[in-house]
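The values are calculated or read from the model by the stated rules, or taken from the named source; none is laboratory data. All values derive from a computational prediction rather than experimental measurement. Neighbour counts run over all protein chains shown; Cβ positions are idealised from the backbone, glycine included. Surface accessibility is based on the protein's heavy atoms, side chains included, excluding ligands, DNA and RNA. Shrake-Rupley method; radii C 1.70, N 1.55, O 1.52, S 1.80 Å.
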Amino acid sequence: MFGQVVIGPPGSGKTTYCKAMQEFLTGIGRKVAIINLDPANDILPYKCDIDVSDLITLSDVMDCLKLGPNGGLIYCMEYLEKNFDWLLEKLNRLKDCYVLFDCPGQVELYTHHSSVRNVFSRLTKAKHQLAAVHLVDSHYCSDPSKFIAILLTSLSTMLQVELPHINILSKADLIECYGRLPFNLDFFTEVLDMTYLIDLLQDDPFFKKFKRLNEAMAGIVEDYSLVSFVALTVKDKECMLRVTRAVDKANGYMFGDLEERNLQSLMSCAVGAEFEYEKIASVQEKYMTTDTSVTPDTSVTPDMSGNLDTAIHMDCDT
């Protein structure tokens, strides 16, 4: 069984993504099932095949144990881990389905806590081939400090969750709603050179005094050289197809035997034949102001290799 583990902070578009991806994959002939693993999500816009609320709900935990929402969600995920057989039994009934796991929006569950990781690790051992799809609001690219923060959180999530990982800049149609980007979109999707972001921070009196700290944090991201992004708006079928190909490559579906695949599609996936500009061209042309900025000279940038990944925002609300 193949599937996607959809994670990310609150409001990043996880549930909307699951609904849109279900419709897209169904349209190309896949049998799709959605599993809601968010015990606080009681208003679902899609047909739910498995709902964790049948096992435990956040409201019941908060009422009975007098916990707040954050502590309550952690308890719910620990309870799910202890009752893993309940989830596995229900999954085994979904024959030949491609599954989408709609996960809670609490950042700590993916950066510090182990229950979510343990649940999906056990599913992997049970022959479920999964990839983590990590969503973050794309408009954070317009703020260098927030962009560095989401890079760090994305990197931490990738290392903690321990699944093949795709990072998504969601709501790409709103990418400039808080101002124009200082560089072209490919600078942010490929994380070309962090020194340019550090230079932008020097214009802010508050961040200027933390230059060495900012450089150290940027160095961590560059040293691992893992984080990159795929821009997405769920209304754009071209973007949805690009994300689907990236996820299929990550979880191995592209090379599976569930449906006939031609040699051209296999080779294209294997060698990553798409040029980098082609990955962001449709988003940049449709949703960004043209001729406002130029990607800086990156002829001496660090290694750009890595997974097709994304970021996550660090907001005080989370």
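Restricting attention to the range 1-47, which residues are polar (S, T, N, Q) and within 26 Å of Met254 (Cα to Cα)?
Gln4, Thr15, Thr16, Gln22, Thr26, Asn36
Results for (1) touching a strand residue (DSSP E or B) at 6+ places or on another chain (Cβ under 6 Å); (2) among the β-branched types (Val, Ile, Thr); (3) outside any helix (DSSP H, G or I), shown as yes or no for each residue.
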residue	(1), (2), (3)
Ile150	yes, yes, no
Leu159	no, no, no
Asp173	no, no, no
Leu192	no, no, yes
Leu213	no, no, no
Ser228	no, no, yes
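Within the range 120-142, restricting attention to residues that are of a type outside the set (Gly, Ala, Ser) and free of Cβ contacts under 8 Å to residues at least 60 places away in the same chain, which residue is nearest to Tyr196 (Cα to Cα)?
The residue in question is Cys141.
In the set Ile43, Ile35, which member is under 22 Å from the mean Cα position of the chain (by Cα), open to solvent by less than 10 Å² (accessible area, probe 1.4 Å) and of a type outside the set (Lys, Arg)?
Among Ile43, Ile35, only Ile35 is under 22 Å from the mean Cα position of the chain (by Cα), open to solvent by less than 10 Å² (accessible area, probe 1.4 Å) and of a type outside the set (Lys, Arg).
Matching residues to (1) at pLDDT below 95; (2) farther than 30 Å from Phe210 by Cβ; (3) among the β-branched types (Val, Ile, Thr):
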position	(1), (2), (3)
Leu94	yes, yes, no
Val99	no, yes, yes
Val107	yes, no, yes
Val133	no, yes, yes
Asp137	yes, no, no
Asp143	yes, no, no
Lys146	yes, no, no
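Given the structure, is Pro69 buried (at least 20 other Cβ atoms within 10 Å of the Cβ) and not aromatic (Phe, Trp, Tyr)?
Spelling it out, it is not the case that Pro69 is buried (at least 20 other Cβ atoms within 10 Å of the Cβ) and not aromatic (Phe, Trp, Tyr).
Looking only at the range 33-45, count how many residues are in contact (Cβ under 8 Å) with a residue 12 or more places away in the chain and either of a type in the set (D, E, K, R) or over 17 Å from Leu94 (Cα atoms) (or both).
Final tally of qualifying residues: 7.
Quick one: would you say Thr15 is touching an Asp or Glu at 6+ places or on another chain (Cβ under 7 Å), among the hydroxyl-bearing types (Ser, Thr, Tyr) and crowded, with 16+ Cβ neighbours inside 10 Å?
Yes: the conditions hold for Thr15.
With respect to Ser145, is the statement that it is open to solvent by less than 10 Å² (accessible area, probe 1.4 Å) and either among the charged types (D, E, K, R) or touching a residue at least 40 places away in the same chain (Cβ under 8 Å) (or both) true?
no
Mind checking whether some residue in the range 292-305 is out of contact with any Asp or Glu (no Cβ under 7 Å at 6 or more places or on another chain), modelled with pLDDT under 60, under 23 Å from Ser170 (Cα atoms) and open to solvent by 70 Å² or more (accessible area, probe 1.4 Å)?
The answer is yes; a qualifying residue exists.
Looking at the range 36-122, what helices (runs of 4 or more DSSP H) fall wholly within it and have at least 2 residues that are over 30 Å from Leu155 (Cα atoms)?
Filter on the range 36-122 gives 58-65, 84-92.
Can you confirm whether the range 223-234 contains a residue that is within 20 Å of Asp137 (Cα to Cα), among the hydroxyl-bearing types (Ser, Thr, Tyr) and within 21 Å of the chain's Cα centre (by Cα)?
yes
Regarding the range 219-234, can at least one residue be identified that is among the hydroxyl-bearing types (Ser, Thr, Tyr) and modelled with pLDDT of 90 or more?
Yes, there is a match, as at least one residue in the range 219-234 is among the hydroxyl-bearing types (Ser, Thr, Tyr) and modelled with pLDDT of 90 or more.
Somewhere in the range 236-247, is a residue in a loop (DSSP other than H, G, I, E, B) and either modelled with pLDDT of 90 or more or out of contact with any Gly (no Cβ under 7 Å at 6 or more places or on another chain) (or both)?
Checked against the condition, which is being in a loop (DSSP other than H, G, I, E, B) and either modelled with pLDDT of 90 or more or out of contact with any Gly (no Cβ under 7 Å at 6 or more places or on another chain) (or both), the range 236-247 yields at least one hit.
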